[in-house]
Amino acid sequence: MLKVENIDVAYGDLQVLWDVSFTVQEGELLALLGANGAGKTTILNTISGLLRPRRGSIRFLGEEISRVPGHKLAELGIAHVPEGRRLFPEMTVKENLEMGSLSPEAKKKRKETMEWVYTLFPILKERQNQEAGTLSGGQQQMLAIGRGLMALPKLLMLDEPSLGLSPLLVSQVFEIIQDINRQEITVLLVEQNVMHVLKMCSRAYVLENGRLVLQGSGPELLNNQHVKEAYLGI
Amino acid sequence: MSLFGQTVICGILLGGMYALIAIGMTLIMGVMKIINLAHGALVMVGMYITYVCYKSWGLDPYIGMLIAMPALFLIGCLIQRYMINRLVEVDSILPENQVLLTVGIMLVLTELARLIFKSDYRSVTTGYSSSTFFVGDMSISIPMTVGFFIAMAFTYLLHLFLTRTDLGRSIRATAQDRNAAIYMGVNAPRVTVITFGIGSALAAAGGSLLLPLFYLWPDIGHLFTAKAFIITILGGMGSTMGAIFGGLTLGIAESLGATYISMGYKDVVGLVIFLLVLLFLPGGFKSLTKR
C-alpha cells in the first residue's frame, strides 16, 4: 500500500534520515519504533508532504507522493494524527471533527462518519460543543484520532498516541487502535512504548539514529537480543 | 446629562465602524501572524473607490461600498498571493520583513492616491450627511447610526461564515495551528490569500461607511492603521469579539475626549487607554474571558 524507498531527509544541512526503506501492507498494523530523536516523526512528516526527501521515493497505492503538496494527501487517503495531538484548541469538538472531513468524498459522509466516531468515543459526543482546548489529555487524544478517522482514510498514521497519558489510558487507546485496525483501516503507528506495541502489531521496524536497523513480526522482535537490551531493559 | 449620553452613543456608533476595520486586521493577523501596516491604506483606497463612484456616477456611498468591497477583496488577494506569500517562501527572511513589506505597500498606495487625487481634502455630501434624529433631547447622527448597523450586520455575517462554513472554519484552523490544518487537507497558502482578501474587503466596508463622516485625503490611511492597531491590541490579537469591544472602547474614549477635553486631543485619549491596557492588561480584553 505504502512503499518508502531509500529516502534521505534533512533539515537544512542537518541530515536526519539515511536510506530509509519500508513498506506497509494493506490491512496491517505496522509499527515504527525507536528512541527520542531517532527520526520517527520525521518519517511521518515526510510522508505527509511537510518535508521533502533529498533522495528516494514514496509511493502510495502506486502513485508517487513525495512531491505532492501536503494538503492533497488527506484527499488521497492518508490521515496523519500528529504528535502532541495538534487539535484546534479554540474550536469545539464537533468543529474539530468537521475539519477532519474536508475532502469531497469524506464530506459527503460527514454525518455518518461522525456517528461512527461517536460510537468509538462516546465521551466526544457528550463534549461535542466544548472547546477542544478544555478537554483532558486522554479526551484530546481520542479527539485527535477521531479527527483522523473523519477523513475515512485508507492509511491512518498515528504519531505517539500514548504520549503523556496514564497507563490505564494508554491501554485503552491501544485497544481502540486495534479496534480501528480490525475495521480494515491500515495503521502506521509510531511509538516509544515498545513492549506494548510489539504485542499488538503485525510487523515492526526499529529506527536508530535515522537508520532502520531491524524489522520483523512482533514476537520475533520481542525475542530479539538487541531489542531486549536496548528497549525492554531485560 | 443629555450631552454625556449623546457623547457615549456617538462613541458607540463610531466604535462599531472602527471595529469592522479592526476585525479585518485581526483576521489577517490571526492567520499570518503579522501586523498588516497597510491596513489603513486599504481603507483609504476603499474610500477613494466609493468617492469616485459618488463623483462620477452619483452612487450613494452605501451603494458604492458594494463596488469598493469586491475591488479591495481582489487587491487584497493579489497582495497576499504575489507579494506576502512570496516572502514567506524564502526561509532566511525573518517575519519582520513581511511587516516591512506591508509598510512599503502602504507607502505605494498612499502616494499613488496622491498622484491621482492630489492631497486635497475631499468629502461626500449626501442629503443625510448632517441629518440627525432625536432620542429625548439627545441628537443622534443618521449616517452614524446607519453605518453602525451595517457594520454590525457585516460582523454577524462574518461570524456565520467563520463558524458555519468549511472555508470559514479552515481560516480559523489555519490561525490556530497551520501545520495541523495542512494535515487536514487545508490549502494553507490559499487560505491566507482569501483571508487577506476578506480583511481588505472589510477595511473597504468600514471606510465607505465612514466616508459621509470624514474628510478624505491620501494620508487618512495612517489614522486608520493606528486605530485598527490600537483596537486589535485592546481586544487581544486575533479575537473577533475582542475587536468589537476594543472598537467600542476606542470610539467612546475618542468621543468623550472630543466633547470634554478638546476636539484636537481626541486621539490622545485613545492612545492613553492604549498605553494603560498595554501596561495593566497586556493580553487585551480577550485575557479577561480566559481563566
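A few notes on this one:
- Scanning segment B:185-193 turns up no residue that is away from every other protein chain (no Cβ under 14 Å) and either in a helix (DSSP H, G or I) or not hydroxyl-bearing (S, T, Y) (or both).
- From the list B:F196, B:F229, B:F245, the lone residue that is part of a helix (DSSP H, G or I) and either in contact with a Cys (Cβ under 7 Å, 6 or more places away or on another chain) or charged (D, E, K, R) (or both) is B:F196.
- Members of segment A:180-234 found to be among the charged types (D, E, K, R), in a helix (DSSP H, G or I) and open to solvent by 60 Å² or more (accessible area, probe 1.4 Å), listed by number: A:R182, A:K199, A:E220, A:E229
- Being in contact with a Phe, Trp or Tyr (Cβ under 8 Å, 6 or more places away or on another chain), without any contact (Cβ under 8 Å) to a residue 24 or more places away in the chain and away from every other protein chain (no Cβ under 14 Å) is a property that B:I150 lacks.
- Residue within segment A:71-86 that is more than 21 Å from B:V31 (Cβ to Cβ), touching a strand residue (DSSP E or B) at 6+ places or on another chain (Cβ under 7 Å), open to solvent by 20 Å² or more (accessible area, probe 1.4 Å) and not hydrophobic (A, V, I, L, M, F, W, C) present: yes
- Boolean, B:G127 is surrounded by fewer than 20 Cβ atoms within 10 Å (Cβ to Cβ) and outside any helix (DSSP H, G or I): yes
- Every test in (1) within 12 Å of chain B (Cβ to nearest Cβ); (2) in contact with a Lys or Arg (Cβ under 6 Å, 6 or more places away or on another chain) is passed by A:L30 save one, and that test is (1).
- Candidate set from segment A:65-80 (those that are of a type in the set (A, V, I, L, M, F, W, C) and assigned to a loop (DSSP other than H, G, I, E, B)); member that is farthest from the other protein chains (Cβ to nearest Cβ): A:I65
- Residues that are hydroxyl-bearing (S, T, Y) and either open to solvent by 50 Å² or more (accessible area, probe 1.4 Å) or in a strand (DSSP E or B) (or both), drawn from segment A:1-52: A:Y11, A:S21, A:T23
- Verdict on A:L97 being more than 9 Å from chain B (Cβ to nearest Cβ), in contact with a strand residue (DSSP E or B) (Cβ under 7 Å, 6 or more places away or on another chain), assigned to a helix (DSSP H, G or I) and open to solvent by less than 10 Å² (accessible area, probe 1.4 Å): no
- Screening A:R59 on (1) at negative phi; (2) under 15 Å from the mean Cα position of the chain (by Cα) shows it passes everything except condition (2).
- Flag if B:Y62 is under 29 Å from B:V186 (Cβ atoms), part of a helix (DSSP H, G or I), of a type in the set (S, T, Y) and open to solvent by 20 Å² or more (accessible area, probe 1.4 Å): no
- Matching entry among B:L14, B:L101 (being touching a helix residue (DSSP H, G or I) at 6+ places or on another chain (Cβ under 7 Å), under 26 Å from B:G242 (Cα atoms) and among the aliphatic types (A, V, I, L, M)): B:L14
- Among (1) open to solvent by less than 30 Å² (accessible area, probe 1.4 Å); (2) β-branched (V, I, T); (3) without any contact (Cβ under 8 Å) to a residue 12 or more places away in the chain, the one test that B:V108 misses: (1)
- Qualifying residue in segment B:154-165 (condition: within 14 Å of chain A (Cβ to nearest Cβ), open to solvent by less than 10 Å² (accessible area, probe 1.4 Å) and free of Cβ contacts under 8 Å to residues at least 12 places away in the same chain): no
- Only residues that are touching a helix residue (DSSP H, G or I) at 6+ places or on another chain (Cβ under 6 Å) and within 18 Å of B:R169 (Cα to Cα) were counted across segment A:66-89, and they come to 5.
- Residues of segment B:250-266 that are touching a residue at least 24 places away in the same chain (Cβ under 8 Å) and either on the phi > 0 side of the Ramachandran plot or open to solvent by 40 Å² or more (accessible area, probe 1.4 Å) (or both): B:I252, B:L256, B:T259, B:Y260.
- When A:E90, A:E126, A:E115, A:E83 are checked against the criterion of being more than 19 Å from the chain's Cα centre (by Cα) and within 14 Å of chain B (Cβ to nearest Cβ), A:E90 stands alone in meeting it.
So that you can scan it fast, the table gives a plain yes or no per residue for (1) away from chain A (no Cβ under 14 Å); (2) open to solvent by less than 50 Å² (accessible area, probe 1.4 Å); (3) in contact with a strand residue (DSSP E or B) (Cβ under 6 Å, 6 or more places away or on another chain); (4) within 30 Å of A:L149 (Cβ to Cβ):
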position	(1), (2), (3), (4)
B:S170	no, yes, no, yes
B:D177	no, yes, no, yes
B:A181	no, yes, no, yes
B:T195	yes, yes, no, yes
B:T225	yes, yes, no, no
B:G242	no, yes, no, no
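The values are calculated or read from the model by the stated rules, or taken from the named source; none is laboratory data. As the structure is a computational prediction, the values presented were derived from the model and not from experiment. We place every Cβ from the backbone using ideal geometry, glycine too, and count neighbours over all the protein chains shown. Heads up: the accessible areas ignore ligands, DNA and RNA and are worked out on the full protein's heavy atoms, side chains in. Shrake-Rupley method; radii C 1.70, N 1.55, O 1.52, S 1.80 Å.
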